[in-house]
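Data first, discussion second: the structure below is written as structure tokens.
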Amino acid sequence: PVAWGYEGDIGPCNWHKYFPKAGGKRQSPIDIDTSATQYDGSFKPLRIHYDSHMCSSLTNNGHTFCMSVNSDQCNLSGGPLEDKYRLLQFHCHWGSDDTKGSEHTVDGHQYAAELHLVHWNTDKFKSADEAIEKNQGIAVLTAFIKAGKEHRGWNHVLSHFKDIKKVQGTSTVNEDFNPKCLLPENQTDYWTYEGSLTTPPCHESVRFIIFKEVVEVSSEQLAQFRSLCVCSSRKRDTGEDEHLVDNFRPIQPLNGRVVKASFQ
Ligand SMILES: COc1ccc2c(ccc[n+]2C(=O)c2ccc(S(N)(=O)=O)cc2)c1
Ligand SMILES: [Zn+2]
């Protein structure tokens, strides 16, 4: 597989050389210009049904931490979606300090981090690997994160970070944990548009649903995101670990797409 990253020769400006979709017309992330969004009154209520008895595993894949979920009881439907989608994994993007880190921006404002809950279309496709590259294959529930008061739900995830500090580290999470607790209280106000995976292979298969309400976590919790390392053993010439930070893609051209809003 081709190495890619967020800086230097393998950074986002060169992804298109090995991952041609990255140069496509409906790429993500984008800036949400709230003065140009269009209210769509036809959306049904979003239905987010997750069970909390699922067993999941947390890994550090060198680009982010990823909580893989293998429960057929974690489903998403309604809102702008025509089909039923199943939760596959969730992960985040964050910065080297609290002033940057989100992938999407709102009126040019970048948040400290962004949560992605990745779902695949089980009505139209037989597997996630098939859905990941097809139009309407993927739906990503997205929440912005800012520094503020401590978030107790996130501690269920962060308590496993010492096991995944190094790349390919994995940790099994089987305490009662429902990822729904990571979402904002207000789940009726969101923006939605058709885009792509924000990392290679950048397939243009994603419907983004982005909550307006921002989730707060403490600065100390955000610092724990940055404690992950990008590589198993390679040390920088100065000898210390290289930390996984600034794993966000720059915003991409809208190319005429319209961002819909579920609220006026
Ligand atoms: C070939 O099979 C694949 C390929 C890619 C897969 C995947 C399963 C999960 C995520 N991915 C992803 O690459 C992926 C990448 C980015 C995102 S994002 N940041 O939510 O847009 C979600 C998911 C399976
Ligand atoms: Zn993501």
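Annotation: per residue accessible area for the chain equals 46 Å², rounded to a whole number [probe 1.4 Å, protein chains only]. Atom-type composition of the exposed protein surface of the chain places 49 percent of the accessible area on carbon and sulfur (1.4 angstrom probe). The charge dipole of the chain, taken about its Cα centre with unit charges on the Cβ of Lys, Arg, Asp and Glu (plus for the first two, minus for the last two), comes to roughly 480 debye.
Which residues among segment 73-98 fall inside the zone where the amide N is under 18 Å from a point 7 Å beyond the Cα of E220, along Cα→Cβ? The answer is 98. Here are some pairs, K44/K146; K21/K165; K25/K134; K134/K162; K17/K100; K100/K212; which of them have Cα atoms lying more than 24 Å apart in this structure? Check vs 24 Å cut-off fails for K44/K146; K21/K165; K134/K162; K17/K100.
As a ratio to 2.2 N^0.38 Å, the alpha-carbon radius of gyration computed for segment 1-154 takes the value 1.13.
When the helices of the chain are scored as -39500 (n - 2.57) per DSSP H run of n ≥ 4 and the total is divided over every residue, the value at 222 nm lands at -2000 deg cm²/dmol.
Converting phi to 3J(HN,Hα) with the Karplus coefficients 6.51, -1.76 and 1.60 and the offset θ = phi - 60°, segment 156-172 yields 5, 8, 5, 5, 9, 5, 5, 6, 10, 4, 8, 4, 6, x, 9, 8, 8 Hz in sequence order, with x at every glycine or proline. With contacts taken as Cα pairs under 8 Å and at least 6 residues apart, the chain reaches a relative contact order of 27 percent. One equal scatterer on each Cα of segment 134-264, no solvent, Debye formula: the resulting log10 I(q)/I(0) at q = 0.10, 0.15, 0.17, 0.19 Å⁻¹ is -0.45, -0.97, -1.18, -1.31. Bridging of K84 to aspartates and glutamates at a Cα separation below 12 Å is possible for D72, D123, once same-chain residues fewer than 8 apart are set aside.
Our analysis of segment 90-202 gives Rg over Rh at 0.96, with the two radii drawn from alpha carbon positions and Rh computed by the Kirkwood formula. If the Kirkwood radius is taken over C-alpha pairs of the chain, then at 10 °C and 1.306 mPa s the Stokes-Einstein diffusion coefficient equals 85 µm²/s. Working note: Karplus 6.51/-1.76/1.60 with θ = phi - 60° gives segment 120-131 the couplings 10, 6, 7, 7, 9, 10, 8, 8, 5, 5, 7, 5 Hz, where Gly and Pro are set to x.
The values are calculated or read from the model by the stated rules, or taken from the named source; none is laboratory data. Everything numeric in this text was worked out from a predicted model, so none of it was measured. Note: ideal-geometry Cβ built from the backbone for every residue, glycine included; neighbour counts use all protein chains shown. These area figures cover heavy atoms from the full protein model, side chains too; ligands, DNA and RNA do not enter into them. Shrake-Rupley method; radii C 1.70, N 1.55, O 1.52, S 1.80 Å.
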